[in-house]
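*Asks:* To start, I am sharing the structure in question, which I have written as structure tokens.
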Amino acid sequence: MVRAAVLASGDGARLQAILDAVYFNEIPNFELVAVLCPQRDCYAVSRAHSAGIPVYVVDPDLFPNMTSHSMAVANKLKDMDVELVLLADYDISLGVIPYQFKNRIIATYPALFPAFNEEEGDPVALALDSGLKVTGATAYFADGDGRVSAVILQRSTPVLPNDTIDTLRLRIMEDCEWPLMNEAVSLFCSGKLIVRGKRVEILPSDPEE
């Protein structure tokens, strides 16, 4: 079993997809041991409690700087023998965490990377404003800034003529980000991901599986 933890903030919508996958046992060899949040009053905490997952609040206001905060988070993860870290709307600097969990932090990006990677603003709004006909999401290993280090998987979805930012954001999350996260985690837990620089090689499935 791969011991995993989620770093979550906000309303926990992306966290909920992971909690649902745990509840329905959709990811083999996967054990979610904790959810870590920077705020006690965010809805992500309530979601984790409702699912029976231990929650730890590491409040950045209690630390002199973000580096010491990230070290506290990293130490907590190591104390729990966490092998895989998932990001779910985590809005705090990762600091030292990616260096201690290299190629073991998975997140999603609401666009087909590298689209809008170098632009300021919301990728969903940028996709709509750019008149794109197709957008999507990317599952990736996070680098030292929490950004895309190596792409694991991508999935597309259409941009419809009557889309608003909210409807497009919801479609990207439900049709692309949620299934991509679960699939990427499944591949990781099955030992099928090999990182070679910026490239992720996905090993073929055993015919007997």
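*Asks:* Taking the Cα centre of the chain as origin, sum charge times position over the Cβ atoms of Lys and Arg (+1) and Asp and Glu (-1), and report the length of that vector in debye to the nearest 20.
*Replies:* Computed charge dipole of the chain: roughly 460 debye.
*Asks:* May I ask you to order 194-206, 170-182 by the average number of other C-beta atoms within 10 Å around their residues, highest value first?
*Replies:* 170-182, 194-206
*Asks:* Please state the Cα pair-distance histogram of region 1-101 with 10 angstrom bins from zero: what percent is in each bin?
*Replies:* 16, 51, 29, 3, 0
*Asks:* For region 96-157 and region 25-71, compute the distance between their C-alpha centroids and round to whole Å.
*Replies:* For region 96-157 versus region 25-71, the Cα centre distance is 22 Å.
*Asks:* Continuing with the same structure: Could you sort 15-26, 118-129, 58-69 so that the peptide with the highest average Cβ count within 10 Å comes first and the rest follow in order?
*Replies:* Listed from highest to lowest mean packing, they are 15-26, 118-129, 58-69.
*Asks:* Just how large is the dipole of region 1-101 about the Cα centre, in debye to the nearest 20, putting +1 at every Lys and Arg Cβ and -1 at every Asp and Glu Cβ?
*Replies:* Value, rounded to 20: 120 debye.
*Asks:* Just one of (1) 15.2, 46; (2) 21.5, 69; (3) 16.8, 53 is Rg and Dmax of the Cα atoms in Å as worked out from the coordinates here. Which one is it?
*Replies:* (3)
*Asks:* With labels modelled as points extended 7 Å from the Cα through the Cβ direction, what inter-label distance (nm, one decimal) is found for Ser50 paired with Thr67?
*Replies:* Roughly 4.0 nm, to one decimal.
*Asks:* With r as the distance between the Cβ atoms of Val195 and Glu26 and R0 = 30 Å, compute the FRET efficiency 1/(1 + (r/R0)^6) and round to 0.05.
*Replies:* Once the sixth-power term is evaluated, E becomes 0.80.
*Asks:* If you don't mind, there's one more thing I want to ask. With +1 on the Cβ of every Lys and Arg and -1 on the Cβ of every Asp and Glu, and nothing else charged, how large is the dipole of region 63-152 about its Cα centre, in debye rounded to the nearest 20?
*Replies:* Dipole about the Cα centre, nearest 20: 320 debye.
*Asks:* Also, I was wondering about something else. Can you give the local net charge around Pro38? Use residues other than it whose beta-carbon is closer than 10 angstrom to its beta-carbon, Lys and Arg +1, Asp and Glu -1.
*Replies:* Local charge sum for Pro38: -2.
*Asks:* On a full-extension model of 0.36 nm per residue, what is the gain between Ile202 and Met80, subtracting their alpha-carbon distance, rounded to one decimal in nm?
*Replies:* Roughly 41.1 nm would be gained on extension.
FYI, it's all coordinate maths here, none of it is from the lab. Remember, predicted model here, so these are calculated numbers, not experimental data. Backbone-built Cβ (ideal geometry, glycine too); neighbour counts: all protein chains shown.
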